Amino acid sequence: MVSLLSRHGPSVCLRAPALARTVTAVPHRQAQVADVGKGLETTTSRIPLFMNRKSAAKSTTPAPIVRPVATALPQDRDEFWREVPVWENVSAKDFLSYRWSVTKLFKFLQAVVPEEVPLNELGTQMQSRDEFIADVMEGVAAATMAIRMTPYILSRVNWENPRHDPIIRQFLPLKSVLIPDHPKLALDSLHEEADSPVKGLVHRYSDKALFLPTSVCPTYCMFCTRSYAVGADTDTVTKASLKPTRRRWEEAFAYIENTPALQDIVVSGGDSYYLQPDQLRMIGDRLIGMPNIKRFRFASKGLAVAPSRILDESDGWVNALIDISNKAKKAGKAVAWHTHFNHPNEISWISKDASQKLFEEGVMVRNQTVLLRGVNDDVDTMSKLIRDLADNKVFPYYVYQCDMVERVEHLRTPLQTILDLEARIRGSIAGFMMPQFVVDLPAGGGKRLACSYESYDPKTGLSTYMAPAVTGRDKENKVYEYYDPIDTLPN
């Protein structure tokens, strides 16, 4: 059996070089490992961000409260990861460690993909393992996002039928399913850079700003709205990287402090999961200390793609989040975690236990889902996702229409799909657990209810919206346009 286990980081990361078109050339395309552990607290170093060891020795900051969790695996828990052939001997202790990792994607696929997999949904046509892997590697070469997947999310894939798996469809590009972009698609479709008064701080709404302290995530979504900046450079995109430097962060903090109208900050990226615990505390303390800030949220997909970190007593991230939440409450301010589940298959007993821990510790968790073709664009799947989240004390907050970003045309749906989903699901679950179905308007119009369009013509695929509360940068009375995918328009 090929051993792919490593202790160096929790994810697989791949950037594709130029690809020869023959299957025989594929074995030369190796995955590159991203050592996420470098950005995490270790037992030998807990020096806060921007603090050297000399100043750290003089620090009077009290040690964080340690909240140990049970490490013994209950006997009735399903060790589902053992169904992945190369992980059949992986213990619960290893799998539940956030730093546990696999090494190279190509070798991993060779080990887990069967000799033949279904080519069509009915399973009447098959393709070989080599053909499937070649399709993946060609997709990687064409993608705007680098490939990074955690062991947890890899373990939730149905490897007997990977081509049609809803998780693979989100994170692993297949060249054969890509379709030509709509001419209106763009890397920065929301015009975030244009709405940034300082680098890494998007100020679009009058009282709210988006702070991007990092541009790295534990898992990269192919449909990332921030594909212009997030992740490593790819063959098709040179990223406007947002490295976590002191100067950039201080410029963002200064802008927030000196803009009295700002009351609400979203800390995203990238992903807040990639911040060190000390960085998380520092950001939380700075925001709590600003009189104008009433609330802030940390945005992270971590609960969906690496929930074991919440249960890992050797990792300090969740303790930092809990401490910030409690400190903010004492200061009369609200803190929440905004996470990102897209399909019920992403939820397991590990994510349930992690959600329960956060619930018991008083951390508010909300979910933001992206509507994706072939993933969650039917009533049954979306309804189950909403209910499963609600049952696990994760409040369904938004369902987004997929943004008009490049290389994801195969994942976008017509506006009519989101309208129909909301109409059919509303009333089936308590109103306070019913998410808002929204369009984040291209060109920086902000979020609007999908059903609040000014006009919509399903024949042309053009819908129009107005956003009266979003002003500045010549946005007054601006009409914003969203376009359905071309391949979904009537002939």
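Summary table below
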{"item": "Estimated dipole of segment 193-442 in Debye, rounded to 20 [Cβ of Lys and Arg +1, of Asp and Glu -1, Cα centre]", "result": "640"}
{"item": "Solvent-accessible heavy-atom area per residue, rounded to whole Å², over segment 80-172 at 1.4 Å", "result": "35"}
{"item": "Point-charge dipole on Cβ atoms (K/R +1, D/E -1) for segment 383-486, about Cα centre, debye to 20", "result": "300"}
{"item": "Placed amide H near Lys239: partners under 5 Å, 5+ positions off or other chain", "result": "Asp233, Thr234"}
{"item": "Normalised alpha carbon radius of gyration of segment 128-257 [divisor 2.2 N^0.38 Å]", "result": "1.24"}
{"item": "Alpha-carbon spread of segment 101-144, three principal axes, descending order, Å", "result": "33, 24, 15"}
{"item": "Cα-Cα separations in segment 378-491 greater than 18 Å, expressed as whole percent", "result": "54"}
{"item": "Lys459-Asp233 pseudo-label distance in nm [points 7 Å out on the Cα-to-Cβ vector]", "result": "4.8"}
{"item": "Whole-Hz ³J(HN,Hα) from phi, Karplus 6.51 cos²θ - 1.76 cosθ + 1.60, for segment 259-275, glycine and proline x", "result": "10, x, 5, 6, 10, 9, 10, 9, 9, 10, x, x, 9, 4, 4, 8, 6"}
{"item": "Loop trypsin sites (Lys or Arg not before Pro), segment 192-241 (other Cβ atoms within 10 Å of the site Cβ: 16 or fewer; DSSP)", "result": "Lys199"}
{"item": "Projected area, mean over directions - segment 80-172, Cα convex hull, nm²", "result": "6.2"}
{"item": "Segment 331-376 - percent of accessible surface contributed by carbon and sulfur, probe 1.4 Å", "result": "49"}
{"item": "Inter-label distance for Lys352 and Ser314, nm, one decimal - labels placed 7 Å from Cα along Cα-to-Cβ", "result": "2.7"}
{"item": "Phi-based couplings in Hz for segment 177-191 (Karplus 6.51, -1.76, 1.60; Gly and Pro marked x)", "result": "9, 5, 10, x, 5, 5, x, 8, 6, 8, 5, 10, 5, 8, 6"}
{"item": "Inverse mean reciprocal Cα-Cα distance (Kirkwood Rh) of segment 193-442, Å", "result": "18.8"}
{"item": "Segment 193-442, accessible area per residue, ligands and nucleic acids excluded (1.4 Å, Å²)", "result": "33"}
{"item": "Environment charge of Lys329, counting only residues whose C-beta is closer than 13 Å and scoring Lys/Arg +1, Asp/Glu -1", "result": "+3"}
{"item": "Two-site label geometry, Leu449 and Asn491: point separation in nm, points 7 Å out along Cα→Cβ", "result": "3.8"}
{"item": "Test item: Cα-centred dipole of segment 80-172, Lys/Arg +1 and Asp/Glu -1 on Cβ, debye", "result": "560"}
{"item": "Amide proton proximity set for Met364, modelled H, under 5 Å, gap of 5+", "result": "Trp337"}
{"item": "Apportionment of accessible area to carbon and sulfur, segment 80-172, percent (1.4 Å)", "result": "42"}
{"item": "Gain upon complete extension [Gln416, Asn161; 0.36 nm per residue less C-alpha separation]", "result": "88.9 nm"}
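The values are calculated or read from the model by the stated rules, or taken from the named source; none is laboratory data. Note that this is a predicted model, so its numbers are computed, not measured. When we count neighbours, we look across all protein chains shown, and the Cβ atoms used for this are built from the backbone with ideal geometry, even at glycine. For accessibility, only protein heavy atoms count, side chains too; no ligands or nucleic acids. Shrake-Rupley method; radii C 1.70, N 1.55, O 1.52, S 1.80 Å.
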